[in-house]
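A.B. asks: Structure below; questions to follow.
Nothing in this text is a laboratory measurement; each read-out follows from the coordinates by a stated rule. Remember, predicted model here, so these are calculated numbers, not experimental data. Note that we place each Cβ from the backbone using ideal geometry, even for glycine, and neighbour counts take in every protein chain shown.
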Amino acid sequence: MKRSLFKRYEMIFVIGCILLLQICCQEQFEGTKASKPVLTDAKPVLSESEAQKTVSTTAEVPRQEEAVKAKTITVKNKTDVNEPGPEITFESLIYDYGEIGAGTKNSCEFNFKNTGKTLLKISKVDAPCGCTVPQLAKKEYTPGESGILTVIYRPGNSPGTATKRLYVNSNDKAKPRLGLTIKAKVVMKVEHNPERLNLLLKGENAGCPEITLKSRDNLAFAITGFKSTGDSITADFDPSVKAASFVLKPKIDMEKLREGLRGQVEISLTHPECKKVTIIYDTLAEFKVDPRVVYVREAEPQKPVTKKVWVFSNYNEEIEVESTSSKNGTVKVLTQEKIRNGYQFEIQITPPAAESKRTVFTDVFTVKLKGAQQLQITCYGIYAKKAAKSPA
């Protein structure tokens with residue numbers, strides 16, 4: 001009986017332990033469950049100033065991202081500019097011929113190289129002056145390939161210092177239009193004396209002197225031609241004779257010279273650097289009018305203006321006036337006074353009525369001398385603005 005009672009107490013003890021264990025586990029579970037909200041809302045409450053700082057920091061992030069993007073784009077563009085391309089490099093941008101003969105053909109070369117990394121393409125070479133002719137064997141050059149630009153230069157027949165420009169157009173981004181320069185001192189390889197002929201309408205052979213031709217480099221040459229304006233000047237020569245110098249004796253046709261007082265003489269030669277010599281001639285006219293043009297400024301219709309003009313003999317000879325006239329009738333002679341070797345005229349110019357929008361008027365005053373010689377003076381008038389606007 002005692003044993004059964006013991007077993008009963010033992011069973012009650014075990015059951016009590018189990019119940020106690022269950023109660024403890026449940027309390028622990030509920031405590032854990034209640035602590036979860038504290039962990040989730042663990043962030044502290046922010047003040048107003050701290051909240052503004054947080055917002056500014058948050059807004060700054062997109063700005064920083066945009067700045068990084070812009071920097072990336074800038075670097076990319078810079079890389080595009082610095083990408084390898086063609087580059088044209090000349091050994092020299094200037095060529096000086098030094099002393100060359102007038103009217104001669106001269107050649108020079110500009111050496112260049114494609115020092116870039118891609119194909120060089122030359123589109124064209126501009127030569128604004130027609131006396132320079134550029135020549136290229138081809139227009140495309142691979143990296144490291146060299147080329148030659150040949151220039152043919154023909155100076156004029158006048159001596160002096162010459163400077164000419166050329167422009168090379170290519171796909172070189174740094175030098176798309178590159179300028180080249182050629183220089184030269186143009187000289188006459190055959191000198192002539194006198195440099196200019198001053199002729200007269202009086203005296204033997206118009207006072208024309210002999211013409212001396214001399215080679216500056218002592219090279220022998222021949223004369224192959226001689227001509228002048230209006231054929232008023234001629235000279236004898238033998239084209240079969242060669243020498244370093246010649247003396248020519250010009251012959252003047254006085255009647256032809258009167259028809260053309262000014263002109264030039266061209267002498268053709270066989271000198272290798274001087275094919276032609278040009279000499280200007282000027283003839284002193286028999287008479288002179290002063291002034292050659294009479295101006296009337298601020299002219300008013302029908303309001304006369306008085307001017308003075310003179311007629312002289314350039315050869316100190318006495319002259320006699322036969323008559324005077326006005327082409328349009330606006331010029332009238334008030335006085336005609338004889339002076340030494342000429343005449344002085346006081347003339348009256350009456351501007352005609354100004355037509356609509358008309359701003360100027362002209363006339364020609366003619367003085368006829370005995371011997372059928374006629375001298376003309378142009379009269380040129382400019383209306384005042386108020387006169388030009390008024391009706392006819």
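A.B. asks: When a footprinting reagent is the concern and you count Cβ atoms within 10 Å, what order do His271, His192 take, fewest first? Don't skip to the answer; put the middle values down first.
C.D. replies: Numbers: His271 24, His192 18.
The order, fewest Cβ neighbours first, is His192, His271.
A.B. asks: Please report the spacing between the Cα centers of the stretch 249-299 and the stretch 339-368 in Å, no decimals.
C.D. replies: The stretch 249-299 and the stretch 339-368 have Cα centres spaced 29 Å from each other.
A.B. asks: Would you mind counting up the charge near Glu317? Only other residues with Cβ under 10 Å from its Cβ, with Lys and Arg at +1 and Asp and Glu at -1. If you can, show how the numbers build up before the last one.
C.D. replies: Numbers: positive: Lys202; negative: Glu286, Glu318.
It works out to a net charge of -1.
A.B. asks: Neighbour counts of other C-beta atoms within 10 Å: give me Ile122, Ile94, Ile100, Ile233 arranged from fewest to most. It would help to have the intermediate numbers written out before the result.
C.D. replies: Working: Ile122 22, Ile94 12, Ile100 19, Ile233 26.
The order, fewest Cβ neighbours first, is Ile94, Ile100, Ile122, Ile233.
A.B. asks: Right, here's the next one. Where does the charge balance sit around Val333 when Lys and Arg score +1, Asp and Glu -1, over other residues with C-beta under 12 Å from its C-beta?
C.D. replies: Charge balance in the 12 Å sphere: +1.
A.B. asks: Filter Lys308/Lys370; Lys113/Lys276; Lys164/Lys256; Lys251/Lys327 down to the pairs with a C-alpha to C-alpha distance above 30 Å, please. Each step should come with its number before you reach the end.
C.D. replies: Working: Lys308/Lys370 22 Å; Lys113/Lys276 40 Å; Lys164/Lys256 40 Å; Lys251/Lys327 39 Å.
Over 30 Å Cα-Cα: Lys113/Lys276; Lys164/Lys256; Lys251/Lys327.
A.B. asks: Stretch Cys108-Leu136 to full length: gain in nm at 0.36 nm per residue minus the Cα-Cα span? Walk me through the intermediate numbers first.
C.D. replies: Numbers: separation 28, 0.36 × 28 = 10.08 nm, distance 1.24 nm.
Length difference between fully extended and current span is 8.8 nm.
A.B. asks: Okay, next question. Assuming R0 = 22 Å, can you tell me the calculated FRET efficiency for the pair Lys117 and Ser146, based on Cβ-Cβ distance, to the nearest 0.05? Mind showing how you got there, number by number?
C.D. replies: On the way: r = 16 Å, r/R0 = 0.72.
Efficiency for this residue pair is about 0.90.
A.B. asks: Just subtract the alpha-carbon distance of Lys124 and Arg340 from 0.36 nm times their residue separation and send over the number in nm, one decimal. Please list the in-between numbers first.
C.D. replies: Numbers: separation 216, 0.36 × 216 = 77.76 nm, distance 6.75 nm.
My answer for the length gained is 71.0 nm.
A.B. asks: Further question: Any idea what the alpha-carbon Rg over 2.2 N^0.38 Å comes to for the stretch 190-283?
C.D. replies: Working: Rg = 13.2 Å, N = 94, 2.2 N^0.38 = 12.4 Å.
In units of the globular-protein estimate, the stretch 190-283 measures up at 1.07.
A.B. asks: Considering the options Pro304, Gln336, Gln374, tell which one lies farthest towards the positive end of the dipole of the stretch 236-392, charges being +1 on Lys and Arg and -1 on Asp and Glu at the Cβ, about the Cα centre.
C.D. replies: Most positive-ward Cα: Pro304.
A.B. asks: Filter Lys105/Lys185; Lys189/Lys242; Lys332/Lys357 down to the pairs with a C-alpha to C-alpha distance above 19 Å, please.
C.D. replies: On the way: Lys105/Lys185 14 Å; Lys189/Lys242 15 Å; Lys332/Lys357 26 Å.
Cα-Cα > 19 Å for Lys332/Lys357; rest within.
A.B. asks: Report the net charge of residues surrounding Lys121, where surrounding means a beta-carbon distance below 11 angstrom and charges are Lys +1, Arg +1, Asp -1, Glu -1. Mind dumping the intermediate values first?
C.D. replies: On the way: positive: Lys124, Lys138, Lys139; negative: Glu140, Asp172.
Charge balance near Lys121 sits at +1.
A.B. asks: Where nothing but the Cβ of Lys and Arg (+1) and of Asp and Glu (-1) is charged, how large is the charge dipole of the stretch 300-392 around its Cα centre, in debye to the nearest 20? Let's see the in-between values first.
C.D. replies: Working: 14 positive and 9 negative charges, 118 e Å.
That gives a dipole near 560 debye.
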